[in-house]
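Some notes on the structure that comes next.
What follows is calculated from the coordinates using simple rules that are stated; it is not laboratory data. In this text, all values refer to a predicted model and were calculated from it rather than measured experimentally. No Cβ is skipped: glycine too gets one built from the backbone with ideal geometry, and neighbour counts run over all protein chains shown.
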Amino acid sequence: MDIENINIILNKIFKGLSISNINYSIDFWNLEFSRHLENEFYEFKELNKIVLTAHEIEVCNEIEWKKTISKGPFDISDSVDYEESIKAMILFHLARLPIESVEIKKNADLFFKYSKNRFLKINGIVEIVDWVWWLDIEQNEKIIMSEFGKIACDEKILKSTLK
């Protein structure tokens, strides 16, 4: 399946969803998605569990946050992995905001786009890891995954998620 068709299906699945659960475990993130508002225009009735597992994420305005964080009530920039704290703060801000669109790029970067130019980027290429990212939908594991800059997709299962 080509990236354009994957993006069409992912947009049907993710449009209007929001992050409902955020977990960080030393060197990777688990993000669970759900719908908080009912709308009769959705292409499917219900998806119960959508989970993204990823090593590297980037959030909007991350560089500006790094500059600002040392000027807060206390400086966290001297802690281990303080960048992850910044990402967590932005993720908590994005949680429950509806996703406007999703896009996988040719290098396997995955973007979740929100209003006001906010975004969440899942890096498709990460150095020194055994895996990069994958997407589980309901009981189907690793429907789409990045294999170090290349997209692997189970087309049949991905299409079947649209009920």
Exercise. For the pair residue 12 and residue 58, what calculated FRET efficiency results from E = 1/(1 + (r/R0)^6), where r is the Cβ-Cβ distance and R0 = 25 Å, to the nearest 0.05?
Worked result: 0.50
Problem set entry | Under the Debye formula (equal points on every Cα, no solvent term), log10 I(q)/I(0) of the range 3-160 at q = 0.14 Å⁻¹ | -0.71
For this session: For a footprinting-style exposure proxy, rank 134, 29 by other Cβ within 10 Å, fewest first.
Result: 134, 29
Problem set entry | FRET efficiency for residue 148 and residue 115, using Cβ-Cβ distance with R0 set to 22 Å, rounded to 0.05 | 0.10
Exercise. Under a point-charge model restricted to the Cβ atoms of Lys and Arg (+1) and Asp and Glu (-1), what is the dipole moment magnitude of the range 3-160 relative to its Cα centre, in debye to the nearest 20?
Worked result: 580
Seminar exercise, completed: Within the under-9-Å Cβ sphere about residue 59, not counting residue 59, Lys/Arg +1 and Asp/Glu -1 give a net charge of +1
Problem set entry | In order through the range 6-19: 3J(HN,Hα) via Karplus (6.51 cos²θ - 1.76 cosθ + 1.60), integer Hz, x for Gly, Pro | 4, 4, 4, 5, 4, 5, 5, 6, 8, 4, x, 6, 9, 6
Seminar exercise, completed: Expected sort for 101-112, 74-85, 16-27 on mean C-beta neighbours within 10 Å, highest first, is 101-112, 16-27, 74-85
